[in-house]
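The values are calculated or read from the model by the stated rules, or taken from the named source; none is laboratory data. No experiment lies behind these values; they were computed from the predicted model shown. Cβ: placed from backbone, ideal geometry, glycine included. Neighbour counts: every protein chain shown. Just so you know, the surface numbers come from the protein's heavy atoms only, side chains and all, with ligands and any DNA or RNA stripped out. Shrake-Rupley method; radii C 1.70, N 1.55, O 1.52, S 1.80 Å.
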Amino acid sequence: MKKLVAMVGMCLAAASMLFAGGASEQQKGGTAASTAKPITIQIGYENNPGEPIDLACHEWQRLLEKKSGGSMKIELFPSSQLGSKTDLIDQMIAGAPVVTIADGGFYAERGVPDFGIVFGPYLFQSWDDCWKLVESDWYQEQVDKLSKNGLRVLSSNWIYGDRHTMTTKPVHSPADLKGMKIRVASSIVFIKGFEALGATPTPMALGEVYTSLQQGVVDGLENPLTVLDGGKFGEVAKYLILDGHIKNFTTWCTGEAFFQSLTDEQKKMLVDSANEAGLYNNNQAKDLESKSRKNLEAMGVKIYEPTADEKAAFQKAAAAFYEYPEIKGKWTPGLYERVKGIIAGTGK
């Protein structure tokens, strides 16, 4: 009898300790039993270590683990270690717990063609223009359509940067781009955008560009200063025009199937931490852009700031993008007018 009482006492004590431990975990912000296996999410991106996107992903990693009490973890894979963006998106749609950075140009080819307009050249004149669109009813409509096609946008408040053009010979006008092979991402929106500016767009993974510039396969590329610096492209392309053809806000997405496998609380933690990391990213981008410019100049890159007339010439050439049958023909009628109305504050 004494043995039975002792055993019952031990069981009650163990249960009490377990309950206390659970309460302690909750007090620390934990959301799952300490013995549960953490949910591990892989985040893959083309950016190199040290770029604003990479630094912000480390912050995202820290934030999510803290919010979840360690029940959700992030593994980071910079420099295209997990494969191309297209490969990652295919994995997401198949249900893998993967997240990647993507833009409207990619979403346009995933069943939401209207999304491609956000990557139209010279659509935005300021970052405020971008945020007006992101906060609009129109934008949410596109996000909802994308979810039905298997992709969930987690965050849209990340500044990727003003995209400029780096080349192996000087460029001061659209005419100078004629015949030049400029690396672009593998999307019809990216391709037609640079075709409108007069270049010969050449789709290619960013990780292949450095060698391709060395070998003369391409004559240039376009990206924000921090990316051009991070990839050391100034070692093999010595001319940069600050044409600012796109104000590139960017998004992070995952598969809808994986997202729906999470609890409501886990979804909120993932989205909230992504948005908080986005604000961190935006501060990093501002701080590092001037540093990147100095680094590029130290590599011997000649940086050219176009005059107002030269900038106007690029904007005039870009207008062709919005009339291409391959682009406009896939859009909802009146899309351009609706988006410009939202930016102007007269639409929603």
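Pull up all non-local amide H partners of Ser186: gap of 5 or more, or a different chain, and H-to-H distance under 5 Å with H placed in the peptide plane.
Amide H to amide H, under 5 Å and 5 or more residues apart or across chains, Ser186 pairs with Met204.
With an 8 Å cut-off on Cα pairs and a minimum separation of 6 or more residues, tell me the relative contact order of the chain in percent.
Taking the mean separation of contacting Cα pairs over the length of the chain, I get 23 percent.
Output ³J(HN,Hα) for segment 243-254: one whole-Hz value per residue in order, computed from phi by the Karplus curve 6.51 cos²θ - 1.76 cosθ + 1.60 with θ = phi - 60°, and x for Gly and Pro.
Listing the rounded values in order: 7, x, 5, 9, 8, 9, 7, 10, 10, 10, 9, 9 Hz.
Taking the dipole about the Cα centre of the chain, with the C-beta of Lys and Arg at +1 and of Asp and Glu at -1, give me whichever of Leu213, Thr86, Val99 is farthest to the positive side.
Val99
On average, how much accessible surface per residue is there in segment 26-160, in Å², for a 1.4 Å probe, leaving out ligands, DNA and RNA?
40
Using 7 Å Cα-to-Cβ label points, what is the Asp272/Thr200 separation (nm, one decimal)?
Inter-label distance under the simple model: 5.3 nm.
Under unit Cβ charges (Lys, Arg +1; Asp, Glu -1), what dipole magnitude, rounded to 20 debye, does segment 231-270 have relative to its Cα centre?
Dipole size: approximately 180 debye.
Mean residue ellipticity at 222 nm from the helices of the chain, using -39,500 (n - 2.57) per DSSP H segment of n ≥ 4 over the full residue count, to the nearest 500 deg cm²/dmol?
Estimated from H runs of four or more residues: -14500 deg cm²/dmol.
Leaving out ligands, DNA and RNA, what percent of the accessible area of the chain is carbon and sulfur, probe 1.4 Å?
55
Could you go through segment 279-286 in sequence order and give the Karplus-derived ³J(HN,Hα) for each residue, using 6.51 cos²θ - 1.76 cosθ + 1.60 with θ = phi - 60°, rounded to whole Hz, and x for Gly and Pro?
Once θ is set to phi - 60°, the couplings for segment 279-286 become 5, 4, 4, 5, 5, 5, 4, 5 Hz.
To the nearest 0.05, what FRET efficiency results for Thr168 and Ala36 with a Förster distance of 56 Å applied to their C-beta separation?
After rounding to 0.05, the efficiency reads 0.55.
Quick one: if you stick a label point 7 Å off each Cα along the C-beta vector at Gln215 and Glu141, how many nm between them?
Distance between label points: 4.5 nm.
If you find the alpha carbon centre of segment 246-300 and of segment 155-206, how far apart are they in angstrom?
Centre-to-centre (Cα) distance: 22 Å.
Would you mind working out the magnitude of the charge dipole of the chain relative to its Cα centre, with +1 at each Lys and Arg C-beta and -1 at each Asp and Glu C-beta, to the nearest 20 Debye?
760
Using a Förster radius of 25 Å, what is the FRET efficiency between Lys340 and Lys148 based on their Cβ-Cβ separation? Nearest 0.05, please.
Calculated transfer efficiency: 0.45.
Say the cut-off is 25 Å between C-alpha atoms; which of Lys67/Lys132; Lys85/Lys330; Lys232/Lys328; Lys37/Lys67; Lys132/Lys181 go over it?
Checking Cα-Cα distances, Lys67/Lys132; Lys232/Lys328; Lys132/Lys181 exceed 25 Å.
Going by a ≥ b ≥ c, the root eigenvalues of the Cα gyration tensor, does segment 117-229 fall in the rounded group (a/c under 1.5), the prolate group (a/b larger than b/c) or the oblate group?
It is prolate, given that a/c is not under 1.5 and a/b is the larger ratio.
Among Pro52, Ala257, Val339, which residue has its Cα furthest toward the positive end of the charge dipole of the chain, with +1 on Lys/Arg Cβ and -1 on Asp/Glu Cβ?
Ala257
Please determine, in degrees from 0 to 90 and to the nearest 10, the orientation of helix 335-344 with respect to the longest principal axis defined by the Cα atoms of the chain, where the helix direction is its Cα long axis.
The angle comes out at about 80 degrees.
Solvent-accessible area per residue for segment 180-334 at a 1.4 Å probe radius, Å²?
With the other protein chains kept in place, segment 180-334 gives 42 Å² per residue.
At 7 Å along Cα-to-Cβ for each site, give me the label-to-label distance between Lys73 and Ala298 in nm.
3.6
Straight distance only, please: which aspartates and glutamates reach the Cα of Lys169 with their own Cα at less than 19 Å, same-chain residues fewer than 8 apart left out?
Glu195, Asp219, Glu222, Asp229, Glu235, Asp243, Glu297, Glu305, Glu310
Spelling out what I want: for every residue of segment 128-141, take phi, set θ = phi - 60°, compute 6.51 cos²θ - 1.76 cosθ + 1.60 (Karplus), and round to whole Hz; glycine and proline get x.
4, 4, 4, 5, 4, 5, 4, 8, 8, 4, 4, 5, 5, 4
What share of the DSSP beta bridges in the chain is antiparallel, in percent to the nearest 5?
Of those bridges, close to 55 percent are antiparallel.
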